[in-house]
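Note sheet for the following structure.
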Amino acid sequence: MEHRQKGLYQQGRQKLAQSCAIAIFLFAVFLSGGKLLAGQTLPVDLELVLATDSSTSIDDAEFDLQQQGLARAFLHPDVIRAIGSAGQRGVAITLVQWSGAGFQTKVVDWFLVKDAESAARFSDQVAAAGRQLRGMTSTAGAIRFSANQIASNHYEGRRKVIDVSGDGTSEPLLSRAESDRAVGQGITINGLVIFNKEYDLGELADINIARYYSRHVIGGPGAFLMAAKDYKDFQVAIRKKLVREISGQALALK
């Protein structure tokens, strides 16, 4: 009996030590704004890459509308609720800008968002991130770069999503190949098409861009496509899109 009690006591101490270690680790992650040290991996409910178009077809005013709209979305109650509904482990998010082949960059590093406070800190970083790219359009490059960000980070998400937004088309076969490759890695790719009125070629052009994204960009379980009628409408569209993909409603709405 005494031996059994001693064993139970030791098990209890081990469990307590494990719990304390986990708590210390999570607290360290919290203090670092969701950034992890080398060799550490943290399970999360969602890994999300926000890949925003920075090609030359987007002028500076339109880019600012896009960037500020994205920043404001993370302050909206609907997005905060979606973050809360995603799970207790939180959402790891990074912001990427992309243009032509070989022109992609991470402008906001991976950041763990779990509540309104952390969402506001992420929003501040998005709002402060200036434009770093211009050039041609390569959705294939955007998908490949974004998938590599997921593969090389220090998070392990229950779900993995790339959110690609843009106003143009490019190499369809390469885009489809990169999309299929990412899907094979367990990643879902959602799209947000922006109808750019500065280069308005009529309703047929809008239909062609949406068709291109539908056929050659999006893919994976629950993948979906949304559209913004112009850059002023982007703020509303990206907020609705974030709610769907963060909360996981896409599977139910598909």
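Annotations for the structure displayed:
- Neighbour-count ranking [beta-carbon atoms within 10 angstrom, fewest first] of Lys160, Lys106: Lys106, Lys160
- Over all Cα atoms in the stretch 37-249, the spread is summed up by Rg and Dmax: 15.7, 51 Å.
- In plain terms, the chain from Thr105 to Gln185 could stretch by 26.7 nm, reckoned as 0.36 nm per residue minus the Cα-Cα distance.
- Greater than 21 Å apart at Cα, pairs in Lys114/Lys240; Lys106/Lys232; Lys106/Lys240: Lys106/Lys232; Lys106/Lys240
- Potential extension, Thr56-Arg121 segment - 0.36 nm per residue separation minus Cα distance: 20.5 nm
- Sorted by Cβ neighbour density within 10 Å, fewest at the top, the residues Thr94, Thr56: Thr56, Thr94
- One decimal place: the segment Ser214-Asp78 gains 46.4 nm when fully extended, by the rule 0.36 nm per residue minus the C-alpha distance.
- Pair Arg131, Ser85: separation of 7 Å Cα→Cβ label points (nm): 3.5 nm
Any read-out appearing in this document is the output of simple, stated calculations on the displayed coordinates, not a laboratory observation. Please read these numbers as outputs of a predicted model, since none were measured by experiment. Please note: Cβ atoms are built from the backbone with ideal geometry, for glycine as well, and neighbour counts cover all protein chains shown.
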